[in-house]
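Down below is the structure, laid out as structure tokens.
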Amino acid sequence: MIITPKRDYEPNREYAFRTVRDNIINLEIKPGSLIGEQEIASKLNLSRTPVHEAFLELSKSKIVDILPQKGCRVSMIDRDLIEEARFLRRTVESALIKEACSLATPEDIKELEDNCNLQEFYLNTQPEKLLELDDEFHKIIYRICGKMQCSYMVSLMSLHFDRVRNLSLHAVKDLKIVADHKAIAVAIKNNDPEAAVAAFSKHMGRFDLDWDIISKEYGEYIS
């Protein structure tokens with residue numbers, strides 16, 4: 001389990017939530033694993049209450065199942081839940097990307113472009129950084145549109161999709177996500193909503209091409 005430092009002013013519940021969530025997504029905590037409140041609380045130097053609250057929050061997305069007196073079991077990878085999460089992201093972010101084309105300032109465009117440049121830098125050196133930068137790229141679009149509450153709600157449901165996105169970084173050798181993000185950024189810069197949505201749809205459609213590779217390599221984690 002990877003434990004990162006607690007952020008300044010980060011509530012204990014959010015710290016526990018972030019730590020457990022990130023370890024589930026990167027498969028440090030594997031599908032099917034049992035995790036206990038006291039175990040996590042001890043590792044994070046917290047009381048059990050914030051860990052219990054974090055487990056409850058995670059259970060809302062069905063990424064964990066709470067077992068009375070035992071803690072939680074991390075869910076197996078479920079294609080139906082992945083598809084539901086992807087549907088939500090496609091629906092919400094397609095609308096936001098259209099909106100961003102008319103709302104983005106030059107500073108916003110530069111932030112998107114800087115993010116893409118970092119992705120390109122890490123593509124061949126530290127591909128594990130790509131998921132973090134991918135998430136930040138999409139958060140920038142939420143910020144441009146003033147919809148950060150939507151970002152939180154979508155991110156909670158997207159945990160199932162995020163887990164296979166992480167697997168694709170290791171299983172799929174010909175990653176196209178950087179080119180996809182560049183195309184989205186260029187379309188937003190050009191105030192071209194049709195091109196922006198087309199690039200985003202192509203980006204989200206990568207999963208269909210990657211699933212066979214992922215399911216063969218990580219079949220033991222798929223229900």
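Within straight cross-link reach of residue 202, meaning Cα distance under 14 Å, which aspartates and glutamates are found once same-chain residues fewer than 8 apart are removed?
93, 180, 194, 210
Return, for the Cα atoms of the chain, the radius of gyration and Dmax in Å, separated by a comma.
Gyration radius and largest Cα-Cα distance of the chain: 18.0, 56 Å.
Using a simple spin-label model with points 7 Å from Cα along the Cα→Cβ vector, what separation in nm is obtained for residue 211 and residue 34?
3.2
Of 87, 122, 16, which is farthest along the charge dipole of the chain in the positive direction, counting Lys and Arg as +1 and Asp and Glu as -1 at C-beta?
16
Got the relative contact order for the chain handy, in percent, Cα pairs under 8 Å and 6 or more residues apart?
After rounding, I find 23 percent.
Output the pairs from 62/189; 62/139; 98/216; 60/110 with a Cα-Cα distance over 32 Å in this structure; if there are none, say none.
Pairs exceeding 32 Å: 62/189; 98/216; 60/110.
Calculated from DSSP H runs of 4 or more alone, at -39500 (n - 2.57) each and per residue, what is the 222 nm mean residue ellipticity of the chain, nearest 500?
-22000 deg cm²/dmol
Relative to the first principal axis of the alpha-carbon coordinates of the chain, what is the inclination of helix 177-189, with its axis defined by its Cα atoms, in degrees from 0 to 90 and to the nearest 10?
On a 0 to 90 degree scale, this one is about 50.
If you count only protein heavy atoms with a 1.4 Å probe, what accessible area per residue comes out for the chain, rounded to a whole Å²?
52
What distance in nm separates the simple spin-label points at residue 59 and residue 95, each placed 7 Å from Cα in the Cβ direction?
3.1
Semi-axes of the equivalent ellipsoid for segment 54-171, please: Cα gyration tensor eigenvalues, times 5, square-rooted, ordered largest first, whole Å.
Square roots of five times the eigenvalues give 29, 19, 12 Å.
The values are calculated or read from the model by the stated rules, or taken from the named source; none is laboratory data. What you see is a predicted model; the values in this text were computed from it and never measured. So basically every Cβ, Gly included, is an ideal-geometry build from the backbone, and we count neighbours across all protein chains shown. Surface areas here come from the heavy atoms of the whole protein model, side chains and all, with no ligands, DNA or RNA. Shrake-Rupley method; radii C 1.70, N 1.55, O 1.52, S 1.80 Å.
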